[in-house]
1. Across segment 169-179, in residue order, what do the Karplus-derived ³J(HN,Hα) couplings come to in whole Hz, using 6.51 cos²θ - 1.76 cosθ + 1.60 with θ = phi - 60° and x for Gly and Pro?
2. Amide H neighbours of residue 258 under 5 Å, counting only residues 5+ apart in sequence or on other chains, H built in-plane at 1.01 Å?
3. In the full protein assembly as shown, how much of residue 47 is accessible to a 1.4 Å probe, in Å² to the nearest 10?
4. Taking DSSP loops as anything outside H, G, I, E and B, show the longest stretch in the chain free of trypsin sites (Lys or Arg not before Pro) there with at most 12 other beta carbons within 10 Å.
5. Please calculate the 1.4 Å probe accessible area of residue 218, with all protein chains present, and give it to the nearest 10 Å².
6. On the accessible surface of segment 204-332, probed at 1.4 Å, how many percent belong to carbon and sulfur atoms?
7. Pairs of alpha-carbon atoms within less than 8 angstrom and 6+ residues apart define the contacts here; what relative contact order does the chain have, in percent?
8. Whose amide H sits under 5 Å from the amide H of residue 111, counting only residues 5 or more places off or on another chain, with H placed in the peptide plane?
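The values are calculated or read from the model by the stated rules, or taken from the named source; none is laboratory data. Note that the structure is a prediction, hence the values are computed from the model and not measured. Don't worry about glycine lacking a Cβ; one is built from the backbone with ideal geometry, like all the others, and counts go over all protein chains shown. Quick note on the areas: whole protein, heavy atoms, side chains included, nothing else; ligands and nucleic acids left out. Shrake-Rupley method; radii C 1.70, N 1.55, O 1.52, S 1.80 Å.
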Amino acid sequence: MKMADTGKREVCEDADETCKPTAAKLPKCGAENQPDCDGGGECANVLSGFEVKSVLRDSARDKTIFIHGTVEDQEAVVILEKTPMRQDDLAEIFQECRLKLQMKNDIYSTYQLQPPAHLNEIKTTVICPATQKHVKKYLSQEMFLVEETGEDYLSTTLPYIESQSFSVQWVYNILEKKAEADRIVFEDPDPDTGFVLLPDFKWDQKQLYDLYLIAIVHRRNIKSLRDLTSDHLPLLRNISKKGKESIQKQYGMPACKLRVYLHYQPSYYHLHVHFTSLNYDAPGCGVERAHLLTDVIMNLEADPQYYQNRTITYTLRADDNLLLRFREAGRC
Ligand code: M7G
């Protein structure tokens, strides 16, 4: 299958041949291994009994809606997202669509266009059973900025994340090839400097425009940016180099088109690195959460304990218990 760039122009300062993303080899949907899926990716309708409790968040601009509900008495979060237009599909859309005129005025007219069903997909993410923490994660909330010193991390944040962070079982499943094995784009098996690179579940892999992969390290004792020291430089350099090379090889997207970063705070405390297309305004790529991998490497080269000592600023949601702890400690 060929990937389209959804009509957005790919621009590279260098105007160099290596900066032009090319058609990519695409892995299959990955649902083939699911027990209730047939080989073609079709699967039983697990959502037929989904009962909506509330809308956690929705955005007309992003064309997404986050819903809290239940499936057979189990708490669930369902995320529906209209997918981007693909240039490759345009000819079929125009030839096969049904058009309904809404209004016409002089040279202006608007229509309701009904594309063929297979070009009208909604990307759907299901978290079930979902915890209260998942429900909170997607609930629209007021945000507050905190400035976490190295001391705050040890006295407030670390005890909090040790007591109540999301399970990283899904990460271990990937590392142990118990899930998503057929989606792995690259693996370096070295126990110290190795990692697995695969598409993030936010990306449907149908177009390069919103390319999003994650590199998950094999080491299990690095929670986040805060744990990194100069000892981890070989690991970080390896991820940077081989991650970019693999994406160039697999998707034809050069390093100059990639935003490569770590989140602080992350949602999942097992070190991983985000690789997103520069054209895509990925959720969480803002300055209050994303730390460019190149900056992280340079900071550690300059100061081996940089991330143990430095004050790091980030946002917390109004109902986040960590915010409560910062408040109790008189730090917010
Ligand atoms: P994060 O910085 O810990 O938190 O990133 P965030 O989710 O708030 O951004 C974890 C990344 O892993 C996110 O980009 C998720 O979309 C992605 N992710 C989460 N889960 C549960 C999965 C999964 O099961 N498979 C894959 N491939 N990606 C996931």
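1. Here the 3J(HN,Hα) series is 4, 4, 5, 4, 4, 5, 5, 8, 6, 8, 8 Hz.
2. 278
3. Per-residue accessible area (residue 47): approximately 50 Å².
4. The segment 179-332 is the longest one with no such site.
5. Its accessible surface works out to 40 Å², give or take rounding.
6. Looking at segment 204-332 in its full context, I get 49 percent from C and S.
7. 19 percent
8. 102
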